[in-house]
1. Which of the residues belonging to the stretch A:127-140 are under 20 Å from A:MET191 (Cβ atoms) and open to solvent by less than 50 Å² (accessible area, probe 1.4 Å)?
2. Restricting attention to the stretch A:189-222, which residues are within 11 Å of another protein chain (Cβ to nearest Cβ) and either in a strand (DSSP E or B) or surrounded by fewer than 22 Cβ atoms within 10 Å (Cβ to Cβ) (or both)?
3. Taking the condition of being among the small types (Gly, Ala, Ser) and within 14 Å of chain B (Cβ to nearest Cβ), how many residues in the stretch A:115-169 meet it?
4. Any idea which residue in the stretch B:75-111 is farthest from the other protein chains (Cβ to nearest Cβ), counting only those that are closer than 24 Å to B:TYR413 by Cβ and open to solvent by 30 Å² or more (accessible area, probe 1.4 Å)?
5. State all residues of the stretch A:336-356 that are touching a Gly at 6+ places or on another chain (Cβ under 8 Å) and either part of a helix (DSSP H, G or I) or open to solvent by 40 Å² or more (accessible area, probe 1.4 Å) (or both); if no residue qualifies, say none.
6. When the residues of the stretch B:298-334 are filtered to those that are polar (S, T, N, Q) and in a loop (DSSP other than H, G, I, E, B), which remaining residue is nearest to the other protein chains (Cβ to nearest Cβ)?
7. Within the bounds of the stretch A:162-183, is there any residue that is assigned by the TED database to the domain that holds A:ALA109, small (Gly, Ala, Ser) and closer than 22 Å to A:SER105 by Cβ?
8. Please list, ordered by first then second residue, the pairs with beta carbon atoms under 6 Å, 6 or more apart or interchain, first in the stretch A:265-293 and farther than 17 Å from B:ILE332 by Cβ, second open to solvent by 10 Å² or more (accessible area, probe 1.4 Å) and of a type in the set (Phe, Trp, Tyr).
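The values are calculated or read from the model by the stated rules, or taken from the named source; none is laboratory data. Not measured: the values here are computed from a predicted model. We place every Cβ from the backbone using ideal geometry, glycine too, and count neighbours over all the protein chains shown. Remember, those area values only see protein heavy atoms, side chains included, never the ligands or the DNA or RNA. Shrake-Rupley method; radii C 1.70, N 1.55, O 1.52, S 1.80 Å.
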Amino acid sequence: MAMSRAAAATGAVTRRRLGATAARSMASWFGHVEPAAKDPILGVTEAFLADPSPDKVNVGVGAYRDDNGKPVVLDCVREAERRITGNMNMEYLPMGGSIKMIEESLKLAYGEDSQFIKDKRIAAVQALSGTESRGLDFSGLMDDIKNAPDGSFFLLHACAHNPTGVDPSEEQWREISHQFKVKNHFPFFDMAYQGFASGDPERDAKAIRIFLEDGHQIGCAQSYAKNMGLYGQRAGCLSILCDDEMQAVAVKSQLQQIARPMYSNPPVHGALIVSTILGDPELKTLWLKEVKGMADRIIGMRKALKQNLEKLGSPMSWEHITNQIGMFCYSGMTPEQVDRLTNEFHIYMTRNGRISMAGVTTGNVAYLANAIHECHAVII
Amino acid sequence: MASSAAAFAVLRGGKSEARAGCRVGITRKNFGRVMMALAVDVSRFEGVPMAPPDPILGVSEAFKADKNDLKLNLGVGAYRTEELQPYVLNVVKKAETLMLEKGENKEYLPIEGLAAFNKATAELLFGADNPVLKQGRVATLQSLSGTGSLRLAAAFIQRYFPEAKVLISSPTWGNHKNIFNDARVPWSEYRYYDPKTVGLDFEGMIADIQAAPDGSFVLLHGCAHNPTGIDPTPEQWEKIADVIQEKKHMPFFDVAYQGFASGSLDEDASSVRLFVERGLEVFVAQSYSKNLGLYAERIGAINVVCSTPEVANRVKSQLKRLARPMYSNPPIHGARIVANVVGDPTMFGEWKQEMEEMAGRIKNVRQKLYDSLSAKDKSGKDWSFILRQIGMFSYTGLNKTQSDNMTDKWHIYMTKDGRISLAGLSLAKCEYLADAIIDSFHNGLGTAK
């Protein structure tokens, strides 16, 4: 650095005089800034990539893979991109985002013919995507709902709970909804997997529809990362059901006030893809077919994994693998068992025992089952 | 009814357990018996007021509603062609076509963004041969354009320098204050605009930076100051650097117009490079909204020049940690466009040419406006400040009342601080605009609204 200063353009006297000051400034401002801990989920993928073993399996990944373990871009997405490339200018979206994308997103979440949409009661903005036990501890959940102070805000996963894959049944959702009414809690739904869970977007929105029928005013965060494979595009929608149109306008205006000093207005590309697909009946049909295809593959892999484990004569119950839904499966494995899976079998997953079923293929399911079986066998 | 009043006090006050809009707040004391009778359906959001309209967007909306043929929108902060149309750069269309052909996947980017993009951006800003890059001393994170970069930096400042203040120019881009307010970072202003000269109040600027507590963050516009268009001269930049060094302040650049101001990427980065050359640690928030016309893609970066590579790694890791709960990872599309354009020598050359053309059009329009004003204004007023200003915007020196006259009488839409966007001006409209400015300046007085 001293060399570059000397070599720099003709020094004014001032600059030489301040040379000493510059040297002092080499003591960094950031001495007290600690290195951050590595993100646990992303670290898994890094370790996987670094592993030279031909048998390695990545079931830490939070993104869909096809049966060859490759990332997928949906045909409907490619077609939408072909249509929009070069055609649109890139002028700033309004702070609240793409109107078309929001309209289509609300129809998906609240229902095609939703009266709330017709009455303009939903404040919605385009957002930057969405953000142990082996079964549901339903009584524990109900206790916590009852014991929370009245009017608490609850974050609920609309479908395909992450990381457990354990969803309440329809009857259980109805009970939860009822208790919410009694306690006047605010239900906020995180819906990152609509369509991706069961293969049917309407079915995956059932919990939301139940709460709406029961008269709750909900909040909802939707993401198109998984169900349209738009991960890196950061496309989603935040909506809040209000009393009436006027209130929806006020709430939306405040959401925009929060967005403006965060990022001014949201990115357009993903929004255009979404609105192009959902706004065109043919493309939408294609999408529904493709998202069902992804969900079916996952469901198929769950069955295969369970069957393989049972075939190996595992005395444990693996019902939870097929009872759970969505991309993730909570295996119930301990961190030590997970470490063994990684170190001995080159199988990568997060240490909480969460398996991404998206990383399971017909090619590796037997290997995976065998490895899990081995790790459990030791404990017994 | 006392209990209703109590309920409504609960709704408004928000201090008790029951949140605003609690439907059954009344029933808490009389559980069961009164529940049915007094179920008042008041929303949780009853207390949410309507936010004020955005001062800049409101201009465009009013413009759209105006039916007059002569109307002109000079509020817009986006480049327009001579035909007053939005402009997608040819090199961007090429890049997108190429990307479509490549058919790359849409996997999540890492939290810090696309590596090729970060490398290209740091090289553009600091110069590809800059020692700080070779030494690995720069932490760069792709972020959500200029706003996102500023917000990340603000969050970092709030966490690691909670006692520090950010000094911002008076005036500055309106959203700067919102960003620091929402990030809970205190700020104060340094003098910048001198209405008497319609130029830089340099003495005031230096004095205010001098007077601030040591170790403040000084927010500087790298080039093409928004909203005034008034930039320090190279000599003035040296003196600004002197006082910042002396006070051990942290220079914090907002670079939204690199290449767009003078037409030259290197020239427009000279202020930033001057500070870096002195061995200082520097924050730089950067955006491709204007210079690559990628407004809606939200593509930019926060860069922090640190004293050593080890420091840069730590700073980068903490910026990532701040970004993760905000948006997890940044959007890919704009980053790929930039990486493709900058990474290909032919496209890079084409970009530089298109940028020169855009900057050139603005300079021509400035000249024509000045010529028209000088020719038409018989008062002898010196309008040459228009030529000294640079970039998309120009501070006309018109006050609010005069600006209102521009709109009400002449159907020219601008912001109330007297700022016009030359990006929205065509050569064909210069004479009309000159007439309007002259009229508003000399006659547009009256009771301020």
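1. Going residue by residue through the stretch A:127-140, those that are under 20 Å from A:MET191 (Cβ atoms) are A:127-131, A:136.
Once the filter is applied, which keeps residues that are under 20 Å from A:MET191 (Cβ atoms) and open to solvent by less than 50 Å² (accessible area, probe 1.4 Å), the stretch A:127-140 yields A:ALA127, A:LEU128, A:SER129, A:GLY130.
2. Hits for the stretch A:189-222 are A:GLY215, A:HIS216, A:GLY219.
3. Qualifying residue count for the region: 8.
4. The extreme case among them is B:GLU82.
5. The answer is A:GLN337, A:VAL338.
6. That would be B:SER307.
7. Looking only at the stretch A:162-183, we keep the residues that are assigned by the TED database to the domain that holds A:ALA109, and these are A:162-183.
After this cut, where a residue has to be small (Gly, Ala, Ser) as well, the list is A:165, A:169, A:177.
Now drop any that are not closer than 22 Å to A:SER105 by Cβ, which leaves none.
Looking for residues that are assigned by the TED database to the domain that holds A:ALA109, small (Gly, Ala, Ser) and closer than 22 Å to A:SER105 by Cβ, one finds none in the stretch A:162-183, hence no.
8. Going by the 6 Å Cβ cut-off, the qualifying pairs are A:ASN265/A:TYR92.
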